[in-house]
Every structure is written in structure tokens, then in C-alpha cells.
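Structure first, then comments.
The values are calculated or read from the model by the stated rules, or taken from the named source; none is laboratory data. It should be emphasised that the depicted structure is a prediction, and the values quoted were computed from it without experimental measurement. Cβ sites come from the backbone with ideal geometry, for glycine too, and all protein chains shown count toward neighbours.
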Amino acid sequence: MSATSSLRHSQTARPSSPHTPQQQLRSGNTSFASTTSPGSSFRNEDDAIIFEIGTRWLRAGFEGNGTPICVKRFGPEESRRVADYRGWIRGEAGAGPLLKPMNAEDWVREYELWQSDLRKADLGLIEDKIERVFRETYNQYLLTDAGTSRLVLTLPALMPHPLLSSLLSTLFSRWRFPSITLLSSATMSAAAGGLRSALVVDLGWAETTATGIYEYREVVTKRSTRSMKSLMQEMGRFLSGLASGSTQEDTSDEDISVGFTYCEEIVSRFAWCSPEAGESEAQSETERDISIPSPKNPEHEYTELPFSRLADPVEKVLFALGTAENELDDEEKSIPLLVYNTLLSLPPDARGTCMARIVFVGGGSRIPGLRQRVLNDVQKLIDRHGWSPIRGQALERQRQRMEELKISSQKRTQTPEANGDNTPSNDDSKPDPSKEEPELDFVEQKLRRQNKDTPIPVQGILREVESLGAWAGASLVTSLKIRGMVEIEREKFLQHGLAGATRDLEQPIPDRRSGLRAGDRSSWTLAGWA
Amino acid sequence: MSRPFPYTYVSCPCANTPVPDPAKKRRSRDSPQKPTPERTDPDDKDNKKQPENTPEEEVDEEEEEQTFDPRSPRSNFSLYPPEQLLYCEDCHQIKCPRCITEEIVSWYCPNCLFETPSSMVKGDANRCGRNCFNCPVCTSPLSVSTIENVAGKGNGQGPWVLSCAYCLWTTLDIGIKFDKPTNIRNQLQKMTDSTSAPTFDTRSRQGSRAFSDLKSPLSNLASFDEPVSTPTGSGEQVKENETDSPPLGVEARFAALKNFYRNQISETSTSPNDPLGSDLGFSSPGALNRLMSLYASSSRLGGLYGGNKKQKSKPPVMREAINASEGLRIAPENADAAIIERLSSPDCGWDGVASLSQRAEQSPDVRFVDDLLPLPVLLRTKRAKRCKSCKHILVKPETKPQSTRFRIRLIALSYIPLPSLRPLALPTSSLIPAPAPDLNALPPLRPVHVLLTLKNHMFDPVRITLATPSVTPGRVASKVTILSPQFDIGPNSDVWDEALQGASAPVTTDPRAGGLRAAEKVPEAGKVWDKGRNWTTVVLEVIPGTLPGSEADAGKEGIDEDEIAVAAQQDEDVLEIPVFVHMEWDAEAQLEQQNVGKASKPDDLVARELAYWMVLGVGRITAAL
């Protein structure tokens, strides 16, 4: 997508001071409301509705709640005609084996709301689906009148413009939402962990993204196609092989013959991953057999298989087991490599901060053992290569030459980075950098003396912080009355659509206290989504 | 399709209105309007509102030419059973759930039928606040019973549990008992609200202790001026806190985070009487200073300027959460090992792990069946419905949950003719009437006659024109002919009129047919099959096509059973006929809407017309000839 590069620039180039966007506390609401029209001040009292939309899932609820009211999956049952109750009569489609093996891409298509490849997409169909899922969510779960209160959408930071436009015009023309705020899901995930800077690893459906966030700004994003979708396809192939009785390992091109729902159940229940790479020594529990419903007849039969085999698809897909690193294309790096590369492309200061605040979100983060494994693998990469992108034999030769010279290499290679990172390989004798006291320069020492009371941020070690997820983050941020950068007013959007958004990156940050309302803003921006 | 054959669907005309992309037509500022294709009404009010919808209509007329395809994935979203549609008397249009707006009249619990006041709905998280619960395993309703009852003795005393009559799950399975049989929701909430995130070994839900732990920061936070007061100095302090307090539940963590942020914001915000405080951007020396000093230091975190009294212009910078009471949660080492161990252990098994549908309504951390909590019943609403374009009210139910009556209900069937379909058994030989063809197994290439009856519910006679593509769209091409596409339907006059008109048989256009027995009638082109007071029946001749891969498919040897099975799964073998209905009638002018049907001057009559697609589901085609 060509928007990628400009997107990141606009994120970083946002000329705001290092200050949280100005808030409006509830107490200050009264003075503020007097300047607004009565209608909108009435709306201010209404809790905003928060939606998080992804390819497979939708979460919806009210601001200020910790968990969404409802979580909905997309699937073929959602696209049936009204009064077509087949799903209830025959059981959910995709539970049993398929009549005819399917191509892995067609196999998942019905279960996705949209694909990021829009060449074949029918935007009208997507609009229909969006309309229906929103209407049903309001009627069944939110139990509030649609369109009366503000809407906050938590979206992935990269949305194709046609999709974004379809989504917004469907919502604005179907209901009378006064405004729609867009929030980036990665930043919200960081906020929901109590963090200002983080490396958010989103193991999502279509792709895995690793986003470096520094002071609530997305600094760098890298993505990989190794995601839950490919995991599901791999598991589908594995189960298809199990059904047909073939034991061959290489199943990469085969069509899938088991039902999607069945496969998804298996993945959500039993997909796992060993926390340590290459742990081949037989641990007693992993060698146990477990019984899962048989892929041939899931309703009535069970089949036994070793528990360890259920970890194979995870390792193969997410960790690219059995594939050399140099054979991987740029967009299909394994998850540890993705995390490492993202950290590597961050500036050292941000890297030190972000690596101690790694947040895993998305469906894949539920797979037991996965997060630990990623961290362990990243640690190994750091130990092996340090923070240098240079690889190869020449490096090794140079390292040997340096060792021969031995001019107090320890001191020389000590980087001024706060985390005490080392150039690779000459630290065999050194202790673990995380346990070592970081060297302080005199400025740092002075600052610390001045601020004895304040805690020193954890830096430079790999550490995982748990987040409540993007939905909770959006709910949190909205309930604190923090204005989003992208707040799209109904009237403005209906005039010009997405084209009305200003490209002017020098937009002043919205300020709530100066009495300016959003309506007084003459222009609006798409910020990161532009 | 899951509805039994034969069935009929009506496509709401709003499907032809694409969602306007404002970027494309910058002029039109209004919300999309239902296409009113052949509207001739002089007194239409909508046209006043929308002087500039001409471009839209052009677009619509183009699309009107296209044949409606019941197989396109989009048609699933516009087809409705006729009885589910509404009709707006102002716009003179069919209204489907997509072209109405809804307003909630009342909230009630479908289990106990108690109405929930609107002020309490949100507080109860849209769920019943009483004793109504659904089983988390099988979703059937739970009942409150004593433990003795469950055990079989039963003296009506003692601790109470929720038990499922269907799958025999009780709250004892998750170690929950209630002291009294009332107000279960509150009791449950106290027990579970802030319990630690699902733990695998604890059966004892010692949540209340954790809850009070949590509550104290919440209540303290009003005076929580120095949240940084924890003894510290080293970056290690995070870990101390972690060990002594149990991990918070999701809601508790959220509350802690919210309080933390709220504190930070009030601490770091500049005084409100300085309106220029943060508005100056880079031109302000203060902001510049702040930036410069930020770059000068290698540590980015807040608190750098926290207690700095020398430079008053510098506002303090927000920091991040640093301990568990502020909502931070460091992932514990090897937390997943226990999960993996438990997953693989024989006493867990497939049924020990919660399924996707079981987890959908639970807290996001839930993984095992033991973590599932009883679900309070989701409330339902009674909703009034309005036309989206003219705000005319279409449906208004009575507020009481027990009442099934409506104050206003404009259903479409009072306006559009009710279509119904039945197969016609043609007399094959002379004597024995042939059995009606089995609609679930229509042989390909063999003509079937179907009777389509349209029943008028209006008090005006209606002229109907039907149209259908001669070959149905899709891979299975069936030929369809409507033998008499133009006909009239009588008014829905008083039933007694008909009876008083004399003992003569129902009015028929065909005098010959009246004398003959129905079984001997032969469908004839251009002739209406049968006609009654307010209904007319016409004959459709259908020649079902051949399924791809079947024997009858030209140029194929043998039967490709797989392909037939796939076709059956995708409903390709269902014979569905799109029929375009165009109806015209002379309605009375709007003012006398109430007494339609009474005699009035013909000058008041207004010609109206309505056009829509409907889909007739005839049956399933078999593969074999």
C-alpha cells in the first residue's frame, strides 16, 4: 500500500508538544458546555459507544467499561437471509468435514469481514455486512438508540481508504451519529497497559504487526503475514491430513477438507507452543495423548493424538521453523524476527524503553507459551547479534581481527545507550546486561539527584507488560474525555467524504480549554489514516 | 433455504440505493433517499425536502434495468419474508429494517418479564439484575435451588446454588454458593467482580479480600496527591508490589488504570485560568524550553520536572503506571507453563476447555470450563420504528413487556399483495389426479406448473404486472414463463358484500373455467387461473435446469457426486425465481387515509404505483433425471 510511508511520516511529524492531549474532566464540563449548542451538550452526557472492528471480530461497548458488552465473530451465519434459520437447525456451518476440499484462501473468505486486498472485494457487500452487524449489535447488546451518542472506532492503523470510506459513509448515512472518532488500536493497547511507550505486537488475523510506540506516537510499524489466518490454514491442513490418514509432513499446498469452525475450535482450545525453542527432550506432559473430536466425524467420534503435535503448526507458521532466515521474504519474517527488527529500527532511546514494554495483543496472544517463546527467541537474537543489522562472514572476520587487537574492547564497545547494549560477540564474559548496573553519565546522575522521589523507568531489558487490549484502551481514553486527533463531524463528512480531510500536517492540536469546539474547527484531519 | 418450500421473499427497494459516497458527489448533503422510481404523485412531500436528488434517481433507474439476482451475496441482505416488512404511508414505500430508525420504548428481561427502568439498564450492564441467569455451558436458564434439592433431600433451607436443568451444571462446579435465594446477581458480583484473573487451582473464591484491596485505592484516590509516594529509588520496586497483591481482575485493573490516568491528568494539566497554556505550540518559549530540556535528557519519563520549583513555567509531564495498584501488570514468568500443563493433563480434555461460543460472553481471560461464570440474562427491548427518510412513525408497541399489542403498526402486507405459491398437480391421465410434485426433489428438464396467488389487502382494486427473466440467473438455468403476467386483483371489500352478491361462485374472468372441475382445468397462456374477491391466481410454468456435474448436464458422462454435493451445499440446486412486481392502484387522497374504502368522489383519487422484486422459492432440483 503506498499510503504506508506517508502514514508513518504523518504520525511522527505531528507537531504536538510532549504533552498529553488536553483533557476535559467531568468537573470542568459545565463551563465548557455553555459555549456549545444545547443539543450537543446534551449529547456530551451520553456515554460514547466504542467499537473495535477487525477482520474477524467486532467488540462493542460503552466508554468507561473495562470489558466490551459484546464480542461478535464474523461468519457465514451472519450473511444469511432474514428468517433463514439453517444455522440453528443443522448446526453451525463448518463444524463437520467439507464435502469437497477447498482452497485455503476460499476456505477463510466467508469468515472475514473484509480483506485488505480490495481488487476483488465487493464494497457494497461489505457495507451491507457492516450495516447489519452494527444494527444487530445495537439492538441485541448495546440496547441503546443507535446514532444518538458519539461513536468511537478503534481501527488498525493501516486501513485502505476505500474501506475506511465505506465504513464511515455507511455509518453516517444509516444513523445520525454526531461524530465519529477514530483511534489507532496499537496506541490504545499501549494505553490500556498503563504505558506511554511500548512495542505492541498484534498477532491479528490477516497479519501480525509490531508497532513501536513512543510517547503515544506510532514511531515504526513492521508487519508480517505470519498471522492467525495462516495458522488456521496450517492447522486446517494438518487436520485434513489427519482425516485422510496421510502422515506426510509437507502439506503446504494441499486443500483443506475440514470445517472452518471445527478447526477454529481446535486452534482456540489446544494450539500451544513450547516456551523454549527446540525443546526436544521429552517432557512427560507434552508426550501425552489427548483426544480431540475426529476430523472425519467431529460430532460423534474422538481421535487421539500426541499433544506435542498440536504445537507443530504454531511453530511452523509463527516461528518459521524449518525455514532459514535468509529464505524469508520481507513480509513473512517470523514473529521473533519481526519483533527484533522493529526494535532495531527504533532509535536507541526509544528501543531501550520499548523493549522493556512489550505488549502482546490480538488473537494469537492467547496461545499458551507463545509470548514467552517470542521473548526468549528475541533474547537469543539480541545475544547473538546485538543491535546491529550487519550479518555475514565479513563481520565474523572483523570480529576476530578486533579480538586480536584487543584494545580494551570492553570499554570501547560500550555504547552510550542507556541500556548498555553491546556490539555483538565480545561480551562472553559479561553478565546479563539486565542485571548489570547501567553506567550513568553525569547529566543522568544530576537528574537523579534532583528527582529522588520519582521512579526510574525500567529500560533495556526484555519485559512483557500485559494490556487490557485495544478496546479497553479506547474506552479508557474516551472516558477521560481526551479528544482524538481524528474526530470526524457528521456534516463535514457528508459534504466531502474522506476527500474533505485536510492533508495539512501542521494542524494545531485540538484544544478543549480554549473554548473551541470541534464544530469550530474549520478542517479535520485523518492523521495517521490519511 | 431453510424455509420449507414453497416460500416467497420480497426484496426491499432500498437495496438499489447505494450508500452515497460523499466524496463522489459533493453536492448532495442529505442522507440517502429511497428511490422512488416511477413516482407520479403530485403531492409528494419528499420532493420538497430533496430538490437535488435527481442525479440519484438517474443512477437508480439504470440499476432498475438490471435483473435482480437472488444468488448474489448482497441479495441476502435485502430479501425479507413479506410479513417482516413495513410500509411508510408518507413515502409510499416498503420499509425494511435497513430503512427505518429505531427508538427504544422499554427494556425488559425476557426471562422474568420485569421491566427495567432506563436509568438502571446501563448499570446492570444490559443484563437482568434479579435472579435470571443462563447456564454458561449450554445457555439454558438456570434455576435457584438449595444444595439439598440437588442432592435429593430437600428441606428448603441452607445454601443456595444455581443449577441448570439441561446439562446439570451447578454453581457448585465452580465453588459458588449463595446465602440467600434472592438478589443472586449482587451476591455473585461481590464474589467474582474483582477476583483475581482466572486462576487454575483456586476453588475458594476469596475475591472479597482482593476487592477491598482494590477499593481502597479507589476511595483514596480523591486525596491521592502523591501516587509516587511508594518507597522507591530503584527500578526494582515494580516487582515488590507484584508479589504481595494478587493480580487484579480485568474490571479492577481497568478501574485502577482509569484512576491513575485521571490523577496524572489533573496533576499535569496547567491551571485552567491560563487559556494559552497549551495552545501556543512551538511559538511559545515555554513549550520550546520544555522540548529542549526533554531532548537534553536521555530519560524520557515524567517526574523529571515533577517537583522542580525553579522553573515554574514547566508543567509536569505525565508518567506511566509503575505498579500494580496503578494498573500495571507485568506478565509473570512461565505463567503459560501451568496452562500448557493443564491443557495436556488427562483430567482436562476437550470438554474441560471452554469453547469459542462459551467464551464469547465471558471475561476475556477465561480459558477453562471451570472459569465460566453464570450469565445474567441479557435484556431485550421494545422498540418503536420510524421511517428513516420522513420520520413518520411506523411501529409503536405498548410499553409493558407482557403486552404483545401495538399502538401503531404499519406492516407492508396491508399494502402489498401477499404472494403465496403452491404446486399445481396436472391431470396426467384421465381419472387419477396426479400427486403434487415433490418440491424437495424436482426432476430437471421436466416442466412444473406453479400457482402464484396474490392476495390484496387494500380497499382499492390493484392492477398487477409481473415480469421475470425467462432464464433464472445462476449456474442452474431454469426457464420460467408467467402465463398471464397482467391481471387485476379485486379490493379487500367487506366479506359480506361478496356473500350478499348472490350465491354465484367466485368471480372468474374465464366463464368456461367456472363450469369445469378444477382438476380438469388446463393452464393457458394469457388466462388467469383463478380469481376471488381480493385474490388472483396465475400459473407459472417452470422448466428446472440441470445441475452442473449431473447426469443431465450436457456433455458429461456419469455423475460427479462431489460437484453435486458442493452445489447442494451452496444452494445452487434451489430453484428461485426473481419476479418483478409492478402494482398500480387509485388511492384516495392522503387526507382521507382513515376512511379508505368508503365511497368518495372520483376526483379525490390519486394514481399510485409501487414496484419491487420478489423471489419465489419453488423447490430443490435433483441431479437425477
Between A:E131, A:E136, which is within 7 Å of another protein chain (Cβ to nearest Cβ) and modelled with pLDDT of 90 or more? A:E131
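Yes/no per residue for (1) touching a Pro at 6+ places or on another chain (Cβ under 7 Å); (2) of a type in the set (D, E, K, R); (3) over 30 Å from A:K100 (Cα atoms):
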site: A:T187; (1), (2), (3): no, no, yes
site: A:A192; (1), (2), (3): no, no, yes
site: A:L195; (1), (2), (3): no, no, yes
site: A:L199; (1), (2), (3): no, no, yes
site: A:A206; (1), (2), (3): no, no, no
site: A:Y216; (1), (2), (3): no, no, yes
site: A:K222; (1), (2), (3): no, yes, yes
site: A:Q233; (1), (2), (3): no, no, no
site: A:L239; (1), (2), (3): yes, no, no
Return yes when B:D347 is without any contact (Cβ under 8 Å) to a residue 40 or more places away in the chain, in a loop (DSSP other than H, G, I, E, B) and more than 8 Å from every other protein chain (Cβ to nearest Cβ) and no when it is not. yes
Kindly list, by first and then second residue, each pair from a residue in the range A:141-158 that is without any contact (Cβ under 8 Å) to a residue 12 or more places away in the chain and within 14 Å of chain B (Cβ to nearest Cβ) to a residue that is of a type in the set (V, I, T) and outside any strand (DSSP E or B), limited to pairs with Cβ atoms under 9 Å and residues at least 6 apart or on different chains. A:L143/A:I69; A:L143/B:V121
Residues being at the interface with chain B (Cβ under 9 Å from one of its Cβ atoms) and either within 24 Å of A:V258 (Cβ to Cβ) or buried (at least 20 other Cβ atoms within 10 Å of the Cβ) (or both) - total across the range A:85-101: 10
Sole exception among (1) within 14 Å of another protein chain (Cβ to nearest Cβ); (2) part of a loop (DSSP other than H, G, I, E, B); (3) of a type outside the set (A, V, I, L, M) for B:R74, by number: (2)
Please state which one of A:E327, A:E332 is more than 23 Å from the chain's Cα centre (by Cα) and either β-branched (V, I, T) or more than 28 Å from B:S344 (Cα to Cα) (or both). A:E327
Which residues, counting only those in the range A:204-241, are part of a strand (DSSP E or B), within 14 Å of chain B (Cβ to nearest Cβ), hydrophobic (A, V, I, L, M, F, W, C) and over 25 Å from B:A324 (Cβ atoms)? A:V219
Candidates B:G158, B:G129 - the one that is part of a loop (DSSP other than H, G, I, E, B), surrounded by 15 or more Cβ atoms within 10 Å (Cβ to Cβ) and in contact with a helix residue (DSSP H, G or I) (Cβ under 8 Å, 6 or more places away or on another chain): B:G129
Quickly run through the range B:526-570 and pick out the residues that are within 17 Å of B:A441 (Cα to Cα) and modelled with pLDDT of 65 or more. B:E541, B:V542, B:I543, B:P544, B:G545, B:T546, B:L547, B:P548, B:G549, B:Q570
Residues (crowded, with 20+ Cβ neighbours inside 10 Å and farther than 25 Å from A:E466 by Cα) located in the range B:352-376: B:P374, B:P376
State which residue is surrounded by the most Cβ atoms within 10 Å (Cβ to Cβ) when the search covers only the range A:303-346 and only residues that are assigned to a helix (DSSP H, G or I) and of a type in the set (D, E). A:E315
Of the residues in the range A:462-479, those that are closer than 28 Å to A:G352 by Cβ and crowded, with 21+ Cβ neighbours inside 10 Å come to A:E464, A:V465, A:E466, A:S467, A:L468, A:G469, A:A470, A:A472, A:G473, A:A474, A:L476, A:V477
State whether one or more residues within the range B:178-195 are under 30 Å from B:L328 (Cβ atoms), surrounded by 14 or more Cβ atoms within 10 Å (Cβ to Cβ) and at pLDDT below 55. yes
Go through (1) surrounded by fewer than 23 Cβ atoms within 10 Å (Cβ to Cβ); (2) part of a helix (DSSP H, G or I) and name the single condition A:W387 misses. (2)
Mind checking whether some residue in the range B:370-380 is assigned to a strand (DSSP E or B) and either more than 25 Å from A:I69 (Cβ to Cβ) or among the charged types (D, E, K, R) (or both)? yes
Any chance A:L118 is modelled with pLDDT of 85 or more, within 11 Å of chain B (Cβ to nearest Cβ) and touching a Pro at 6+ places or on another chain (Cβ under 6 Å): no
The lone condition B:V105 fails out of (1) among the hydrophobic types (A, V, I, L, M, F, W, C); (2) part of a helix (DSSP H, G or I); (3) within 30 Å of B:C390 (Cα to Cα) is (2)
